[in-house]
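> Pasting a structure below so you can have a look.
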C-alpha cells in the first residue's frame, strides 16, 4: 500500500473525477464519447511511457513533439506511396527510433546534457520539416490509411488495442526484464551502476532509441485518426507527456516511477478537457487545471521528501 | 597572556561515531600550533568546530577570553577565524580581486561597487604576503598553491587572528612549500595564531612551536616542539631546517609517532588459519599517470588478506580504481590467475572476477532507493537470469540467503536499502559482490562509519571469505583493523608501495613507513 501510494492517489483522483461526472454528466460515459476521449489519450499514453523511461534513466527529452511530427509525415508519405499499412507502421517506428538514436548518441556518447541536445533537435526537426514540406499537408491518402480502413468504430478499437499492447509490453519490460531493472539502476545512481559492472552509456542510448520508437508508434496512432497528415502536429506534446509522467509519480530526479502511475496520469489529464465541456466550464480552463494538477503532484512529492529527510 | 582560542572538553558525535571525545585545546597569539593524528583521529571535526561549521555536543569555546555560546561560520568569521583548506573554497569564475572582496566587503546587495578601490586593496594584500599575482587574474587560471595564497590574502585582509591551515602543502612542490612557510612565519611574527594540520612530520618540526596529538577523538597530549626556540626562529626567517639546537628538542619524531599510534589492538580479530594458496593477483610495475599511481608491484594469494595501509592521498583508493578499470592502468602488467589481463572498464573487471566494494558506500556501494534484493542481484543478472528474464523467486531466495549468511538486520528483501543502518548497508554491498563469486575482493574502508558491533561481524565475514579461498585486498585507514586483519600489509606512499610488511608488524612500523620516516 505504502509503496504504491502515489499511483493509488492519482487513480483515486481520477475515480473521483469520474464519479463527479457520473452524477452531473452521465453522457460523458456514452459509448462514442468515451471511445473518442480514450483514442485521443492513446497516443499521449505511448509517448508518456517513452518519456517515463527516459526520466527514470535521469534524462529528459523535449524534442518528442518534433519527432512526432516527422514520424507522422513519414507515415503519411509511405502510405501515399502505396505501401501496406504494416510497413507504414514499421516505417514510422523506425523513423522515430533513428531520431531517438541521434539524441541518444549525442547524450550517451558525447556526454552532452540531454536538455540542451533535445532543445536543439526539437527546433532542428521542426524547422527542417517546415523547409521540406512548406507547411503542406499530406493529402489524398489511400482508403486504408484513416482508421486502418476499418471505419471509425473499428479504427478506434484498433487504436485502443494497439496502445494497450504496447503499454503492456513496456510495463513487462520495465518490471520483468533485466534491461528494465538496469534503467532504474542507472537513473538512481549512475556511478553506482557503473561500479556494479553495468554500462550506463549503453542504457542511456537505449532509452532514447526506445522513446523514439514509441513516439513513432504514437504518431501513427494519432495520424490514422484523420484523413490528412498535418505537419504542425505534435506541438506541445513534450509538455503533456512530461506532465503526465510527473503526475503519475515518475520522479524527475530519476530512478523512481511506475508505468501504471503514468497510465492514471495520462487518463486524468486527458479527461479534464472533455469533462469541462460536460460540466459547462469554459474550455480555456483546461490548461490551467492541468497545470495546477502537475503543480500539486510535484508539491506533494516535495513535501513527502522533506518530511523523510 | 590570554590565549586566542581555548577549547575545553569539547565533544562531538555523528550517529554512533564519537568523532571528538572531550578534547581541550589552546592557541596562543604568535604561535604555530600543529595538530597531528592518524586518519579519522578527529582533526577535521576539530577544525569544523573552530570554524563554526559543527556545533559541539558539549564543552566550551573561548575566543580571546570570551566564551562563545553558538559559534556559527558567520560569527567565526567576524571574530577573526579564517581557514585555508587543502582545496581552496573560492569562486573559479571570479577574479582574484573579486574573490578577496567577497570575504570582507559589506554584503549589501544594492551597494555601489568601488572597482578601483577593490582592485587596489587586493593588490596591496597580495603584495603584503609577498606574491606577484595579478588581482585581475581569473581564479580558475591559478594553480593550487596560488589559490592558497589568495586564501591567505583573504585571511590577512579580514585581519584574521586565528588562521587554520588544513594540509596546506599536500599538493605543493618543495619551492612552493618554502614560500608558504615564509608567509606563515610572517603571520606568526604579526601575532596571528596558526593551527597547522599536517601529515608531514618534517613540516611539523620545521614550523610548529607546539603540537597536539589526537587519537580516536581524544587529545593524547600537547608537547613543546622547540621550547623557546620558537622565538629564536622568528628572527631567523630562513630557519626551515631544524638548526643546531635539534638535540635539545623536547620531542623526537619517533616519540611523536608513538603518540599518534600508541594504542594496543584492543579488539579481538578473527585469527588467520592455514597457508595461502596460489597467486590470484599479481601486479608488475603497474602505473596510471592519470591517478598518480606508479610502479606498483604486489601479489595477493587465494585465502590471503593483504591490508593496504597509508595516509589519505597516498593512492590506495586510486590503486583500487586502477584494478577495477575505473582509471585503467597505462603501465606495467596485471595478471589474474597467471593470465595477463587488460582491465579497461568495471564491466571487464567484473567479467574477470574482480569485485570492488567502494569506499563511499552511501554513494556508490549500494543504490539506496532500490530494494535490497535488487541490489544483491545487480551485478549477476547474466548468471541468475538466463535470457534476461527476471525470476523474482530466485532473486528473493538469493537475497534471503545473504540476509541470513551475513546477518543483515531485516526480514524484508523488498525493503529499500536506505531503510537499513550503515553496517547493514555495507553488508548488502558485500552481498552484491559475493554473489558474483569473485576471485579477488577489493574492500575500500569496509568498516568506515559502521558501529562497533557490526564492525566485528564484518571482520568475521571477511576472514571467513578468505578461508573459503578468496583473495582479499583491504584498504583501511583504521590502523588496528589493518594490523588485526591482514596477513601481509602493503604500505603506500606517494602513489606507490613503500614497503610490504608482515601481518605481525606493529603500528609504529606501519606509521613510520606511511609517514616516510623509514
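Values quoted throughout were computed directly from the atomic coordinates according to the rules given, and no laboratory measurement underlies them. Model, not experiment: these values are computed from the prediction. Methodologically, a virtual Cβ is constructed for each residue, glycine included, from the backbone with ideal geometry; neighbour enumeration extends over all protein chains shown.
> Please report the antiparallel percentage of the DSSP beta bridges confined to region B:279-514, to the nearest 5. Before the final figure, lay out the partial values.
Values: 21 of 38 bridges.
Antiparallel: roughly 55 percent of the beta bridges in region B:279-514.
> Between A:291, A:265, A:212, find the one with the highest GNM mean-square fluctuation for chain A; connect C-alpha pairs within less than 10 Å.
A:291
> Something else: Ignoring everything except DSSP H segments at least 4 long, calculate the 222 nm mean residue ellipticity for the protein assembly as shown; use -39,500 (n - 2.57) per segment, divide by total residues, nearest 500. Spell out each step's value before the answer.
Details: 30 runs with 396 residues, N = 827.
When only DSSP H runs of four or more count, the value is -15000 deg cm²/dmol.
> Here is a follow-up. I need the P(r) histogram for chain B: all alpha carbon pairs, bin width 20 Å from 0 out to the longest distance, whole percents.
It works out to 20, 48, 28, 3, in whole percents.
> Test of understanding: ordering B:409, A:280, A:232 by Cβ neighbours within 10 Å, fewest first, what list do you get?
A:280, B:409, A:232
> Relative contact order of chain A: what whole-number percent is it, with Cα pairs under 8 angstrom and at least 6 residues apart?
Computed over chain A, the figure is 35 percent.
> Moving on. Would you mind computing, in nm to one decimal, how far apart the modelled labels at residue B:284 and residue A:12 are, each placed 7 Å from Cα along Cα→Cβ?
6.8
> Follow-up question, since we're still on this one. Per-residue Cβ counts within 10 Å, from other chains only, averaged over B:387-394: what number is that?
3
> For peptide A:184-192, compute the average count of partner chain beta-carbon atoms within 10 Å of each residue's beta-carbon.
Across the residues of A:184-192, the mean count of other-chain Cβ atoms within 10 Å is 6.
> Let me ask another. Counting only C-alpha contacts under 8 Å and six or more residues apart, can you give the relative contact order of chain B as a whole percent?
The value is 15 percent.
> Which shape class applies to region A:5-308: rounded if a/c is under 1.5, otherwise prolate when a/b exceeds b/c and oblate if not, where a ≥ b ≥ c are the square roots of the Cα gyration tensor eigenvalues? Could the numbers behind the result be given before it?
Numbers: a/c = 1.73, a/b = 1.07, b/c = 1.61.
Verdict is oblate for region A:5-308.
> Working from Cα positions, state the angle (0 to 90°, nearest 10) between the long axis of helix B:392-405 and the longest principal axis of chain B.
Once rounded, the angle reads 70 degrees.
> Please work out how much length the chain gains when fully extended from residue B:412 to residue B:275, using 0.36 nm per residue of separation minus the C-alpha to C-alpha distance, in nm with one decimal.
45.5 nm
> Run through all the Cα pairs of region A:216-270 and give the fraction in each 5 Å bin from 0, expressed as whole percent.
4, 18, 22, 21, 17, 11, 5, 2, 0
> Order these peptides, A:247-254, B:213-220, by their mean beta-carbon neighbour count within 10 angstrom, highest first.
A:247-254, B:213-220
> Could you put A:289, B:367 in order, starting from the residue whose Cβ has the fewest other Cβ atoms within 10 Å? Before the final figure, lay out each step's value.
Numbers: A:289 15, B:367 27.
The most exposed by this proxy come first: A:289, B:367.
> How large is the translational diffusion coefficient of region A:27-115 in µm² per second when you combine the Kirkwood radius over alpha carbon pairs with Stokes-Einstein at 25 °C and 0.890 mPa s?
Details: Rh = 15.0 Å.
Once the numbers are plugged in, D ends up at 164 µm²/s.
> Just to be sure I understand: with springs between alpha-carbon atoms less than 10 Å apart, which residue in A:24, A:13, A:40 has the highest mean-square fluctuation in the Gaussian network model of chain A?
A:24
> Return one number: the angle in degrees, 0 to 90 and rounded to the nearest 10, between the long axis of the Cα atoms of helix B:115-128 and the longest principal axis of the Cα atoms of chain B.
80
> Using a 10 Å cut-off around each Cβ, can you sort A:184, B:269 from fewest to most neighbouring Cβ atoms?
Numbers: A:184 24, B:269 17.
If I rank by nearby Cβ atoms, fewest first, I get B:269, A:184.
> Sort out for me the Cα centre separation of region A:155-214 from region B:302-370, rounded to whole Å.
Cα centroid to Cα centroid, the span is 30 Å.
> Helix B:144-157 against the longest principal axis of chain B: what's the angle in degrees, Cα atoms only, rounded to the nearest 10?
That helix lies at roughly 40 degrees to the long axis.
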